[in-house]
Amino acid sequence: MGSYYGFIAAILSPFFSSVSTIFKSEAARDLSPLVVVSLGGILGSIILFIIAGIRKEKVSKKLLSHNIKDLAWIVVSRFMVGELVFTYGLVETSAIKAIFFTKIEPYFVLILGWLFLREKVKARNLLLLTIHLIGALLLSAGGIFLIPRAGDLLVIVAMLCFASSYIVGKRISHAMGATLGSAIPMGIGSLILLPFALISSSPHLLSYSTKGWEYLIIYVILFNVIALSFWFSSLKLVKGWIVSALRYVGPILGAPVAYFMFGQTLNGTQMIGAGIIIVTSLLIAKEHFREERKINLKNGQDDNL
């Protein structure tokens, strides 16, 4: 049952993430990438700490010191460098191209898992992932040829940073839980970046548009609070590369939101890409549950429990 919850969380995370990207992109243009990452992270962290307090979740000094290296790594790789590079990339490229280049992340997750965890990379998994990527290309580009720009390269570098956080993210999620596991490193990284955001933006803070602040708040709730919590939850129960691959489903689930809020629709090519992603996602799910069933049987457990 827990594995099914993890799989659902892995699908819900990219849905909220994809919708939040629209608002993040607009907020970064109206405000600035530094303001969005730092102030957005602080606000998101505060909300998560409040939720943890309501649930009476606590983290001891001993637990923090025991996981200090993992926390330091995820602070730098995901909540500082990764978020900054990704946000600057969003400003310098189109949303459609950014959506496609984010789909390179699971390849990095697989490669890093092979290098550092000695996880075996099965040929059929690579095949599924490649077909998945083709679907993502059709969905993102809609038949339009993609010409890489500086912003595209920034998004790719950000995906490598994010991919490097999956291994430690799983350990932190197991040790602290999804809510505090997200709130603590997010808050630390955002506070470190705050002085730089204030110095670079202080002359313009009062002149920023109200719309930019509204977009920032919506982004914080959708991504920092909801999407990241689901991401940490899914890492506790599902392999990192599968969690990353299922992020492809996000733009499909977010399509109705884009249509009703911004009047954006999918063309014929994009619908074909969406169909490929749905089919390969089901196959990836089947592969995941097949491997889990083998492990349960090997350990003498009843997989129906």
- Under the Karplus relation with 6.51, -1.76 and 1.60 and θ = phi - 60°, whole-Hz ³J(HN,Hα) for region 151-160, x at Gly and Pro, equal x, 5, 5, 5, 4, 5, 4, 4, 5, 5
- Item | Proximal charge balance of ILE218 [Cβ under 10 Å; K/R count +1, D/E count -1] | -1
- Item | Of LYS58/LYS236; LYS69/LYS170; LYS56/LYS239; LYS24/LYS211, pairs whose Cα-Cα distance is over 20 Å | LYS56/LYS239
- Message: Quick one: 3J(HN,Hα) in Hz for region 10-15, Karplus 6.51/-1.76/1.60 with θ = phi - 60°, rounded, Gly and Pro as x.
- Response: 5, 8, 5, 4, x, 4
- Message: If I take R0 = 35 Å and measure r between the Cβ atoms of LYS56 and ARG149 in this structure, what FRET efficiency does the formula 1/(1 + (r/R0)^6) give, to the nearest 0.05?
- Response: 0.15
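All of the numbers you see were taken from the coordinates with simple rules; none came from a lab. Just so you know, these numbers come straight off a predicted model, no measurement behind them. In this analysis, Cβ positions are derived from the backbone assuming ideal geometry, glycine residues included, and neighbour counts consider all displayed protein chains.
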